[in-house]
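Note sheet for the following structure.
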Amino acid sequence: MALISPMTMASSNMNEDIQHSAPYAQFASQPIQFLHWWTSRGEVAAVREVHGVLGSAQIVLESVPVEGAGGKMAKSILQARAIAGNPPDMAQLEGPAIKSWAALGFLHDVNKVAKENHWDQKLPPLLREIHLFNHEYVALPMTIHRLNWLWVNTQVLNRVDLPIPKTWPEMVTTFRQLKAKGISPLAMGNEPWQVVQLFENIAFGLGGPAYYREAFIELDHETLTSPITHEALMIFRQISEIVLSDMPNQPWEAATQALLSGERAFQISGDWVAGEILASEGEFPSRIQCYATPARQAGFIYNIDSFAFFKKPTLDKWAVEEMVTLLSTPVFQARFNQRKGSLPAFQDVSLEGFNPCALQARADFKAAEQAGTLMPSVVDSMAVSPVIERAASSELYRFFNHPEVKPEDVILHMKNMKIGM
Ligand code: BGC
């Protein structure tokens, strides 16, 4: 994974309808450095919006994109830079890491803007909890991504007259049938972040919310050793037996291109896929459809992106507040999330003009919120400590890639992780 060299994008005039109030000429000589892992087409389009809205107030953003979906490399670089006393001004963060950075004293709070703009009323409780530390908002919520999506190229399925699978065993059968007809079923790159997302989906689908929480967030021994874990690992193994021989080591966005071209029939990943589809095709094509991945009990596996602002002598609090004000307007939040494929974090933002999958996602988010079935993604850093996340991911990735590893081995290793919690 390589660090892409920093780039500075010119401001655009596409944000003139977003209000701003102060001149920021000094930012031209001292750009705001922004570290993130948004490098695919859809992600770059979303980052361009950030450049645009800040640029409309003469704030120059210097983007530092670090390749690697899920942000493993970006997070390591952020840590190294912070320890060296040279953090970026602004960084993409996810979930519980926000509180950790705040607890270490690295972050500016954004509480003044949050209070003035009534974030308490506009954010769902889950997002309030993630962004508050010691009763103060310490980061700006940017997205709500859904991970339990099955993206389907319906042209491919129609060509061979196969229906959309409704259960995980049906999914395995459909994959086999496609393969028998010479069609590669699944668009997925062989890297842990992508592969383990598949497992999360299977485990949630078979076990439901209580099982998922107890087994993979609390690492509860009894739940982990229950037959459901075995069943989930067996489905995971069956899928690996079908797809592994034809699974390039490619990023998720290359997999999305294979889905779009009809080279592959399905992709199982978050709705950054929608952002990529939109950036590639200009509009959401009718041949691509999204379905919640099969589940015995409905729910919503989420991942949330946030922007945090690092305390450093060159970054004044008032500048942070101005940026947060610009970045949190409903107009900007709508524009950004439309590009990103995600849902706006703020519930008062209209979804007019959003793709059909986003509309479905918001309805499902609300239903899951009511039912208590909003589930944090483990592989995407929303649930457990980074140490557990890495250990669990590497166990599951090893299982997927090595047929000689038995379900019992994975279960035993995951049980032992609890000791490190
Ligand atoms: C981020 C998304 C991003 C995806 C793929 C996730 O960790 O939350 O914003 O699109 O990784 O890079």
Quiz item: Tell me, which residue of region 169-222 that is under 21 Å from ILE411 (Cβ atoms) and of a type in the set (Asp, Glu) is nearest to the chain's Cα centre (by Cα)?
Solution: GLU200
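Being among the aliphatic types (A, V, I, L, M) and touching a strand residue (DSSP E or B) at 6+ places or on another chain (Cβ under 6 Å) is the filter; apply it to region 359-407 and report the residue that is surrounded by the most Cβ atoms within 10 Å (Cβ to Cβ).
In this case the residue turns out to be ALA361.
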Quiz item: Within region 77-90, can one find any residue that is assigned to a helix (DSSP H, G or I), within 16 Å of the ligand (Cβ to nearest atom) and aliphatic (A, V, I, L, M)?
Solution: yes
Quiz item: ILE411 versus (1) farther than 23 Å from TRP38 by Cα; (2) in contact with a Lys or Arg (Cβ under 6 Å, 6 or more places away or on another chain); (3) part of a helix (DSSP H, G or I): which is the lone unmet condition?
Solution: (2)
Self-check item: Residue, surrounded by the most Cβ atoms within 10 Å (Cβ to Cβ), within region 47-76, restricted to residues that are within 16 Å of the ligand (Cβ to nearest atom) and farther than 24 Å from PRO192 by Cβ
Solution: VAL50
Quiz item: Counting only residues that are away from the ligand (no atom under 12 Å from the Cβ) and outside any helix (DSSP H, G or I), which one in region 379-396 is nearest to ASP305 (Cα to Cα)?
Solution: ALA383
Quiz item: Which of (1) among the aliphatic types (A, V, I, L, M); (2) at pLDDT 95 or above; (3) farther than 21 Å from ARG237 by Cα; (4) assigned to a loop (DSSP other than H, G, I, E, B) is the odd one out, the single condition ALA367 does not satisfy?
Solution: (4)
Quiz item: Does SER269 count as polar (S, T, N, Q) and more than 16 Å from the ligand (Cβ to nearest atom)?
Solution: no
Quiz item: For region 212-232, which residues satisfy the criterion of being of a type in the set (Gly, Ala, Ser), more than 22 Å from LYS166 (Cα to Cα) and either within 16 Å of the ligand (Cβ to nearest atom) or part of a helix (DSSP H, G or I) (or both)?
Solution: ALA215
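With VAL152, VAL156 as the choices, which residue is of a type in the set (A, V, I, L, M, F, W, C), in contact with a Gly (Cβ under 7 Å, 6 or more places away or on another chain) and under 26 Å from TYR291 (Cα atoms)?
So the residue among VAL152, VAL156 that is of a type in the set (A, V, I, L, M, F, W, C), in contact with a Gly (Cβ under 7 Å, 6 or more places away or on another chain) and under 26 Å from TYR291 (Cα atoms) is VAL156.
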Practice problem: Scan region 11-18 and give yes if some residue there is modelled with pLDDT of 95 or more, over 23 Å from the mean Cα position of the chain (by Cα) and either assigned to a loop (DSSP other than H, G, I, E, B) or more than 16 Å from the ligand (Cβ to nearest atom) (or both), otherwise no. | Solution: no
Exercise. Kindly indicate whether PHE204 is at pLDDT below 95, surrounded by 16 or more Cβ atoms within 10 Å (Cβ to Cβ) and either of a type outside the set (A, V, I, L, M) or not in a helix (DSSP H, G or I) (or both).
Key: no
Quiz item: Does at least one position in region 32-40 carry a residue that is surrounded by fewer than 22 Cβ atoms within 10 Å (Cβ to Cβ), more than 13 Å from the ligand (Cβ to nearest atom) and not β-branched (Val, Ile, Thr)?
Solution: no
Exercise. Check whether at least one residue in region 136-143 is charged (D, E, K, R), in a helix (DSSP H, G or I) and surrounded by fewer than 19 Cβ atoms within 10 Å (Cβ to Cβ), and report yes or no.
Key: no
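Matching residues to (1) closer than 24 Å to PHE204 by Cα; (2) of a type outside the set (D, E, K, R); (3) crowded, with 19+ Cβ neighbours inside 10 Å; (4) modelled with pLDDT under 95:
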position: LEU123; (1), (2), (3), (4): no, yes, yes, no
position: GLU129; (1), (2), (3), (4): yes, no, no, no
position: PHE133; (1), (2), (3), (4): no, yes, no, no
position: ARG146; (1), (2), (3), (4): yes, no, yes, no
position: TRP151; (1), (2), (3), (4): yes, yes, yes, no
position: ASP161; (1), (2), (3), (4): no, no, no, no
position: PRO165; (1), (2), (3), (4): yes, yes, yes, no
position: GLU170; (1), (2), (3), (4): yes, no, no, no
Exercise. Taking SER240 as the residue in question, decide whether it is over 30 Å from LYS366 (Cβ atoms), free of Cβ contacts under 8 Å to residues at least 40 places away in the same chain and of a type in the set (Gly, Ala, Ser).
Key: no
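The values are calculated or read from the model by the stated rules, or taken from the named source; none is laboratory data. The model shown is predicted, which means the values in this text are computed figures rather than measured ones. When we count neighbours, we look across all protein chains shown, and the Cβ atoms used for this are built from the backbone with ideal geometry, even at glycine.
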